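> Below is a structure I'd like to ask you about.
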Amino acid sequence: MIVLVACVAAIAGFLFGFDEGVIAGAEESLAKTFTMSPALLGFMTAAVPLGALVGAMAAGRLSDILGRRRILLVAAIAFTVGSLLTAAAANVELLIAARIILGLAIGVAGMVAPLYISETADAERRGALVATYQLAITLGIVSAYGVGYALAEGGHWRWMFATGAVPAIILFLGALRLPESPRWLALKGDTDKARASLMRLRGNDAAAVEMEMTNMLDVSTGEHKSHWRDLFARAVRPALIVALGLYLLQQLSGINAVIYYAPIIFSASGIDSTSGALLATVGVGAVNVLFTVVAMWLIDRLGRRSLLFIGFMGTTVSLATLAIAVAWDGPGSHYIAIGALLVYIAAFAVSLGPIPHIMMSEIFPLALRGQGMATASVVNWGSNFLVVLTFPIALNALGISWVMGFFGVICALGLLFSIRFVPETKGLELEEIERRLEAGNLMRPTS
């Protein structure tokens with residue numbers, strides 16, 4: 001059952017990736033249909049993270065009131081409506097409005113789906129199961145790139161967008177069969193339903209369920225604050241720093257500039273044809289998927305902290321290489337640039353892609369988990385919006401070399417941040433992480 005839960009909830013991640021990535025294949029066709037300046041193109045593209053910013057602000061409170069599963073159902077409806085309205089848009093204004101609706105769905109799902117998986121998973125597999133959400137994002141991106149490549153020649157951008165309604169409907173039907181989060185039920189005081197939910201999730205292993213219930217009730221019935229201001233309390237502050245810092249670094253590393261504008265980046269790196277740039281973009285999506293699978297295998301073996309070190313070092317070196325290769329512009333430099341971009345994607349996918357989602361769903365106390373994840377998601381989508389909005393403007397003003405160099409500097413700072421602030425949570429029950437946070441020893445090594 002827990003694998004089914006992770007797979008169904010991860011469909012929200014697939015939709016996240018698809019609706020982010022589909023614009024890359026549609027941009028050229030849209031430019032022929034609608035007249036857009038670089039600034040308008042940036043805003044139209046950034047309409048998704050703008051909507052996600054608003055959705056993330058509301059998701060924490062709504063998921064605490066209505067439950068994780070019900071909010072997934074609401075997100076599925078919004079994904080369906082947004083996909084169909086985007087495909088039917090008659091002008092740029094309607095296209096932007098429809099993409100904002102998609103963004104609202106992404107913002108809600110991007111917070112609730114990892115939270116739901118984390119609260120239903122067992123400690124030994126939690127990292128890998130939450131990482132299925134990130135894997136689904138990468139599958140959604142590569143699927144969007146594939147759809148874009150297949151339909152670009154005929155200019156069928158409406159069909160590109162409409163395709164997103166299919167997985168949205170599957171998410172809705174699948175979520176109808178899932179149990180509610182037992183930890184949310186325990187927080188609400190409904191211990192009988194929490195126990196029944198755990199029994200479904202743990203395969204009727206009564207001994208394991210009772211042990212887990214004891215831990216859950218010990219945390220959920222204690223003295224806990226649940227006001228927004230309490231996120232900034234001294235005891236909770238280390239969790240807030242980790243969650244906000246990792247999401248900010250994830251976005252400022254430049255990943256969504258690459259995802260949204262990959263064909264433009266490849267063109268700027270020396271690939272002349274549109275079809276060649278789109279095909280290279282599909283390659284980016286494939287590398288993203290492959291190394292996310294590697295991350296799922298490593299995340300509960302090496303741990304979150306070690307993978308962050310590897311990822312930040314890899315992204316820093318590859319972005320510096322990309323910037324130098326483009327600036328050099330000598331014989332074979334575009335091959336070096338493309339290779340460096342693929343290494344960047346691999347390093348990101350194995351670390352910076354899944355780990356912020358995992359850490360965000362683990363690090364906050366139960367009573368503040370909805371508010372904490374919502375706050376982190378707002379920072380995530382706010383920085384995403386700024387990067388996607390300003391990238392075409394910065395690219396036009398500074399060139400690809402300077403922009404990618406800036407992203408490389410951010411990744412170098414991310415390595416220092418991880419060494420100083422990020423704890424290891426591998427193999428720990430959520431309740432144990434909460435106890436460490438309250439005791440002020442979150443950075444204590446795991447045994």
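> Report, in degrees rounded to the nearest 10, the 0 to 90 angle that the Cα long axis of helix 92-120 makes with the longest principal axis of the chain.
For helix 92-120, the angle is close to 40 degrees.
> Which of the listed residues, 38, 185, 326, is farthest toward the dipole's positive end in the range 2-439, when Lys, Arg count +1 and Asp, Glu count -1 at the beta-carbon?
About the Cα centre, the residue reaching furthest to the positive side is 185.
> What list do you get for 200, 229 if you sort them by fewest beta carbons within 10 Å? Let's see the in-between values first.
Details: 200 17, 229 8.
With the sparsest Cβ surroundings first, the list reads 229, 200.
> For the chain, with a Gaussian network of springs between Cα atoms less than 10 Å apart, report the residue from 239, 31, 168 with the top mean-square fluctuation.
31
> Would you list which aspartates and glutamates come within 17 Å of residue 188, measuring only between C-alpha atoms, while excluding same-chain residues fewer than 8 positions from it?
Straight-distance partners of residue 188: 64, 119, 180, 212, 218, 223, 431.
> Using P(r) over Cα pairs in 20 Å bins from 0, in percent as the read-out, say which of (i) 26, 61, 13, 0; (ii) 19, 37, 32, 12, 1; (iii) 27, 57, 15, 0 was calculated from these coordinates.
Among (i) 26, 61, 13, 0; (ii) 19, 37, 32, 12, 1; (iii) 27, 57, 15, 0, the one calculated here is (iii).
> Show that you can apply the helix-only estimate: for the chain, add -39,500 (n - 2.57) for every DSSP H stretch of four or more residues, divide by all residues, and state [θ] at 222 nm to the nearest 500.
Working: 19 runs with 352 residues, N = 447.
So the calculated ellipticity at 222 nm is -27000 deg cm²/dmol.
> Oh, and also: Using a Gaussian network model of the chain whose springs link C-alpha atoms within less than 10 Å, name the residue from 59, 376, 39 with the highest mean-square fluctuation.
Fluctuation is largest for 39.
> Report relative contact order for the chain in percent, whole number only (criteria: Cα-Cα under 8 Å, sequence separation at least 6).
Values: 784 pairs, mean separation 112.3, N = 447.
Relative contact order comes out at 25 percent.
> Which of 115, 437, 187 has the fewest other C-beta atoms within 10 Å, and how do the rest follow up to the most?
Values: 115 32, 437 19, 187 22.
In order of increasing Cβ crowding within 10 Å: 437, 187, 115.
> Quick one: angle between helix 333-347 and the longest Cα principal axis of the chain, in degrees between 0 and 90, rounded to 10, please.
Taking Cα atoms only, the helix is inclined about 10 degrees.
> Let me ask something else about it. In whole angstrom, how far apart do the alpha carbon centroids of the range 151-172 and the range 182-207 sit?
38
> What is the local net charge at residue 81, summed over the other residues whose Cβ is closer than 15 Å to its Cβ (Lys, Arg +1; Asp, Glu -1)? Please list the in-between numbers first.
Numbers: positive: 99; negative: 19.
Overall, the nearby charge balance is 0.
> Quick one: pull the percentage of alpha-carbon pairs in the range 328-430 with a separation above 16 Å.
Numbers: 3764 of 5253 pairs.
Roughly 72 percent, rounded to a whole number.
> Could you list 216, 44, 404, 313 in order of exposure, starting from the residue whose Cβ has the fewest other Cβ atoms within 10 Å?
Numbers: 216 24, 44 20, 404 30, 313 16.
Fewest-to-most Cβ neighbours within 10 Å comes out as 313, 44, 216, 404.
> Starting with the highest mean, order 78-87, 92-101 by the number of other Cβ atoms within 10 Å, averaged over the residues of each peptide. Write down the numbers at each step before the final one.
Values: 78-87: 22.9, 92-101: 19.0.
Result, highest mean Cβ count within 10 Å first: 78-87, 92-101.
> Any idea how far the Cα center of the range 1-65 sits from the one of the range 420-447, in Å?
Centre-to-centre (Cα) distance: 32 Å.
> Counting other Cβ atoms within 10 Å, which trypsin sites (Lys or Arg not before Pro) in the range 155-185 have at most 16 and lie in a DSSP loop? Can you show the working numbers first?
Working: sites: 158, 177, 183; in loops: 177.
Those satisfying the criteria are 177.
> May I ask for the angle, rounded to the nearest 10°, between helix 165-175 and the longest principal axis of the chain, with both axes built from Cα atoms and the value confined to 0 to 90°?
Taking Cα atoms only, the helix is inclined about 10 degrees.
None of the figures in this text is laboratory data; all of them are computed from the coordinates on show. Because the structure is a prediction, the values reported are computed rather than measured. With ideal geometry, Cβ positions are generated from the backbone for all residues, glycine too; neighbour counts draw on all protein chains shown.
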